[in-house]
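The values are calculated or read from the model by the stated rules, or taken from the named source; none is laboratory data. Just so it is clear, the structure is predicted and the values come from calculations on it, not from any experiment. Positions of Cβ are backbone-derived with ideal geometry, glycine not excepted, and every protein chain shown enters the neighbour counts.
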Amino acid sequence: MVKLIRFLFLVFFIQPICAQKVPFSAQLYIELFPYEDSGKEKVSAMASLSADSPYWNVHRRFDYLILNTPRIHAPEQVELRRKLFDLYPDTNLLKRSYIDQLSNDSKLQVYVFQTIEAIEKNASKKTQTFSQRELVEVASRFFYCDKVNPDSSVQAHVCIGLNGQRESNWQKDYTLLEAFCYEAIFSDFDQETSPIDQAFTRNKEKVCEKNLPYFSSDDAYLMKVREDLYRKMLKDKRLQKSLMNYYHLHQDDVPFRLE
């Protein structure tokens, strides 16, 4: 029975992905980051989509899935990552083992398969439907305040890993929508003049000005500014317009529909 289940998984998930001209496992790039710990040279590593991938033009949505969905990247899997990184200095073995972990991760494979199906223009394979409200709400959680500086200014950023998605405890699976929002935001940032960046900067200034007179502690202030910024970005017309423009540009190659 176990062999039959494994066979069915390979048929329905692995083969469609590998049926592409370049197997997805061969489209992964592993970057190593050397560092020194107690006089010993060590490395950490990060996976992303290779610049040689045929899907490079939308690499950010794949990078989001690669870093957020596999078991090895879960916060509680510190020991698993340590064992992987301890394969250094055999960098070839480390990279192969890392790619094996990702290639054999069923959750990642499902999301990647859905994403590739949409890119390959299979319009009938739209897996989910979201509202415009859900689109903007998910996007707003990427504008994350993470630190109060000594001068009481607030450090904030948009990031694949450190953001407000996990703490939102969504009841619905927004993973594919999150990947799209991350891509849309950074595509806007790439412009010479970015409406989203302008909205982010100005809204952060406003919520800091509003809350600073009631400062009691770094933690309380940071939490209040963070939550207020989420709400500001959710209502921001510049963010809404930019997201919808990007959706209309890519509605044929994303694995969901907007109502």
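Structural remarks
- Residue count, the range 56-84 (criterion: among the polar types (S, T, N, Q) and in contact with a Gly (Cβ under 9 Å, 6 or more places away or on another chain)): 1
- The set of residues in the range 69-110 that are β-branched (Val, Ile, Thr) and touching a helix residue (DSSP H, G or I) at 6+ places or on another chain (Cβ under 6 Å) comprises Thr69, Ile72, Ile99.
- Restricting the range 167-223 to residues that are assigned to a helix (DSSP H, G or I) and β-branched (Val, Ile, Thr), the residue that is surrounded by the fewest Cβ atoms within 10 Å (Cβ to Cβ): Thr201
- Scanning the range 34-74 for residues that are acidic (Asp, Glu) and either over 26 Å from Asp190 (Cα atoms) or surrounded by 18 or more Cβ atoms within 10 Å (Cβ to Cβ) (or both) gives Glu36, Asp37, Glu41, Asp63.
- Yes/no for Leu87 being modelled with pLDDT of 95 or more, out of contact with any Gly (no Cβ under 8 Å at 6 or more places or on another chain) and in a helix (DSSP H, G or I): no
- None of Ser25, Ser44, Ser53, Ser38 is under 16 Å from Asp253 (Cβ atoms), of a type in the set (Ser, Thr, Tyr) and over 17 Å from the mean Cα position of the chain (by Cα) except Ser53.
- Residue check, Phe130 at negative phi and without any contact (Cβ under 8 Å) to a residue 60 or more places away in the chain: no
For every residue, the table says whether it meets (1) farther than 18 Å from Met46 by Cβ; (2) small (Gly, Ala, Ser); (3) in contact with a Leu (Cβ under 8 Å, 6 or more places away or on another chain); (4) free of Cβ contacts under 8 Å to residues at least 12 places away in the same chain.
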{"position": "Leu65", "(1), (2), (3), (4)": "no, no, yes, no"}
{"position": "Val78", "(1), (2), (3), (4)": "no, no, no, yes"}
{"position": "Thr91", "(1), (2), (3), (4)": "no, no, yes, no"}
{"position": "Arg96", "(1), (2), (3), (4)": "no, no, no, yes"}
{"position": "Val110", "(1), (2), (3), (4)": "yes, no, no, no"}
{"position": "Glu117", "(1), (2), (3), (4)": "yes, no, no, no"}
{"position": "Cys145", "(1), (2), (3), (4)": "yes, no, yes, no"}
{"position": "Gly161", "(1), (2), (3), (4)": "no, yes, yes, no"}
{"position": "Arg166", "(1), (2), (3), (4)": "yes, no, no, yes"}
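- In the range 149-166, the qualifying residues are those that are assigned to a loop (DSSP other than H, G, I, E, B) and within 21 Å of the chain's Cα centre (by Cα), and the one that is surrounded by the most Cβ atoms within 10 Å (Cβ to Cβ) is Gln165.
- The range 125-143, residues that are modelled with pLDDT of 95 or more, closer than 10 Å to Tyr174 by Cβ and outside any loop (DSSP other than H, G, I, E, B): Phe130, Glu134, Leu135, Glu137, Val138
- Qualifying residue in the range 182-200 (condition: in contact with a His (Cβ under 9 Å, 6 or more places away or on another chain) and touching a residue at least 60 places away in the same chain (Cβ under 8 Å)): yes
- Residue within the range 202-209 that is in contact (Cβ under 8 Å) with a residue 24 or more places away in the chain and under 26 Å from Phe256 (Cβ atoms) present: no
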